[in-house]
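> Quick one: the structure is below, and I'll ask about it shortly.
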Amino acid sequence: MNKPVLIIAPLMLVAGLTGGYWLADSKQATLQTESSSDEKKVLFYRNPMNPSITSPTPTKDAMGMDFIPVYAEDNDNTDAPAGSVIIDSVTLQNIGVRTSIAIKATLSHTVRAVGRVAYDEERMVHLHPKIEGWVEKLNIDKTGQKVKKNTDLLSIYSPQLVASQQEYILALNNLKALEISPFKDIRQGAEALVKSSRERLKLLDVPAHQLRELQRSHKVKKSLHIHAPSDGIVMKIGAREGQFVTPATEIYMIADLSKIWVYANIYEYELPWVKQGDQVEMQLAGIPGKTFNGHLSYIYPYAETKTRTIKVRLVFDNAELLLKPEMFAEVTIHAGKQVNEVVIPSEAVIRSGSRNQVFVVRAPGKFEPRIVTLGLATNGKVAVLNGVKAGEEVVISSQFLIDSESKLREATSKMLQIKAAKKQAVDKPNVMKNMNPDQEMQHD
């Protein structure tokens with residue numbers, strides 16, 4: 001073998017080994033540099049159960065749970081509101097986060113209650129005589145009878161009425177005798193006496209036909225006829241034939257049932273929905289298959305002491321007289337509508353003590369907590385008066401998990417701010433100490 005070849009071969013082998021080692025070492029150094037640059041900077045470690053407990057090094061709590069590292073990158077986003085949470089897409093899918101868009105909509109509500117049928121108080125008549133006397137004859141003597149206006153109900157004998165009729169007849173005779181008197185004052189006096197005595201009889205409820213008969217015949221009528229003042233049904237009779245009656249005696253109670261009232265009680269939380277004029281439907285067990293339509297006419301200005309409910313009055317037509325006082329009914333009040341409100345699902349709201357909160361999606365995987373002011377709620381929807389705008393996206397499921405993480409991040413952020421403030425307070429005296437007097441005055 002050639003001697004130069006034997007010398008060159010070992011030299012080339014040594015050179016190759018040296019170059020390979022250098023390249024490998026250089027690559028390893030590069031990988032270590034890239035790896036160290038990819039690693040997140042750990043600020044400290046916090047207790048998973050109590051974020052106020054921290055440690056500069058990895059450790060465990062009393063139950064053996066590892067402290068959770070807090071990275072600098074988790075707190076770099078200073079633009080985000082306190083408590084904002086960033087969650088990757090895989091975790092979002094695993095915890096089942098669902099969202100919904102806040103929209104402007106019209107809210108309506110249906111109030112259901114039990115009602116009690118009652119008389120229309122404006123269509124009831126309590127009939128009392130205006131004179132003392134004795135009932136001679138009852139023409140209407142059974143409750144439940146229908147009567148028409150001006151129906152002759154009964155007749156009463158009254159000495160007071162007989163005396164008033166005699167005065168009227170005397171006044172008529174006196175006027176007839178003085179009609180030819182040449183003295184005007186005397187004629188006018190006679191006419192005034194007739195007029196006053198006639199008015200007295202009218203005030204005693206003497207019917208017009210009896211007055212005409214008295215004026216024509218000049219004969220005193222023993223009995224006064226009392227007539228029905230309106231159409232209706234006799235609900236009560238307070239006197240019988242031969243009974244002595246006075247103005248304090250209620251001889252008849254007549255009710256017009258062509259319209260009836262229904263009383264219902266609603267709860268306080270339903271009160272903001274209802275208003276006068278709302279349409280009402282009513283059904284009764286005693287009248288199956290029929291629905292009555294009416295309206296809400298009045299909301300009473302007080303609450304019931306025992307039930308803590310508010311009474312409302314409903315009005316219904318009852319031309320067929322199917323509705324009878326004291327019947328019970330199921331009423332449905334179609335309450336007024338709240339138009340053009342910002343509406344979100346009720347399940348999106350986290351109710352905690354004195355405040356209500358939702359999570360708004362600011363970007364994919366990024367959630368911001370918002371305090372909201374709520375309005376009326378119905379059918380799984382709630383109106384938002386302040387805090388969320390139409391078109392914004394809110395979380396409607398798993399928001400309690402997001403809320404837990406949000407509170408931890410908010411607590412961590414506050415801790416970092418406290419530490420930074422303390423560090424600045426410590427550093428400031430050192431800076432002031434190293435300044436010369438001229439620099440200190442300039443700094444001040």
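The values are calculated or read from the model by the stated rules, or taken from the named source; none is laboratory data. None of the values given here were measured: they were computed from a predicted structure. Heads up, the Cβs are rebuilt from the backbone with ideal geometry, glycines too, and the neighbour counts pull from every protein chain shown. To get the accessible areas, we keep the full protein, side chains included, count just its heavy atoms, and leave off ligands, DNA and RNA. Shrake-Rupley method; radii C 1.70, N 1.55, O 1.52, S 1.80 Å.
> Could you calculate the contour length gain from Gln210 to Thr143, that is, 0.36 nm times the residue separation minus the distance between their Cα atoms, to one decimal place in nm?
My answer for the length gained is 21.4 nm.
> Which value, in Å², gives the accessible area per residue of segment 350-410 when a 1.4 Å probe is used on the protein heavy atoms?
49
> Determine the gain in length on full extension of the stretch Lys236-Lys176; use 0.36 nm per residue of separation and subtract their C-alpha separation, reporting nm with one decimal.
Gain on stretching Lys236 to Lys176: 17.0 nm.
> On the accessible surface of segment 222-306, probed at 1.4 Å, how many percent belong to carbon and sulfur atoms? Walk me through the numbers before you get to the answer.
On the way: 2290 of 4340 Å².
With neighbouring chains kept in place, the figure for segment 222-306 is 53 percent.
> Tell me the per residue accessible area of segment 63-222 using a 1.4 Å probe; a whole number in Å² is fine.
Each residue of segment 63-222 exposes 62 Å² on average to a 1.4 Å probe.
> What is the Cα coordinate range of segment 161-290 on the first, second and third principal axes, sorted by size from largest, in whole angstrom?
80, 38, 27 Å, listed from the longest principal axis down.
> What percent does the relative contact order of segment 301-409 come to when contacts are Cα pairs within less than 8 Å and at least six residues apart?
22
> Glu281 label point, 7 Å along Cα→Cβ, cut-off 18 Å on backbone N: hits in segment 307-338?
314-317, 329-337
> Moving on. Hey, rough spin-label estimate for Phe400 and Ala192, points 7 angstrom out along Cα→Cβ, what's it come to in nanometres?
It works out to 9.1 nm between the two label points.
> With r defined as the distance between the Cβ atoms of Lys324 and Leu271 and R0 fixed at 22 Å, what FRET efficiency is calculated, to the nearest 0.05?
It comes out at approximately 0.15.
> Multiply the residue separation of Ala390 and Phe183 by 0.36 nm, subtract the distance between their alpha-carbon atoms, and state the gained length in nm to one decimal.
This chain segment gains 65.3 nm when fully extended.
> State, to one decimal in nm, how far the label point of Ile53 lies from the label point of Arg112, with both points 7 Å from Cα in the Cβ direction.
Computed distance between label sites Ile53 and Arg112 equals 5.2 nm.
> Further, regarding this structure: Solvent-accessible area per residue for segment 230-332 at a 1.4 Å probe radius, Å²?
Heavy-atom SASA per residue in segment 230-332 reads 52 Å².
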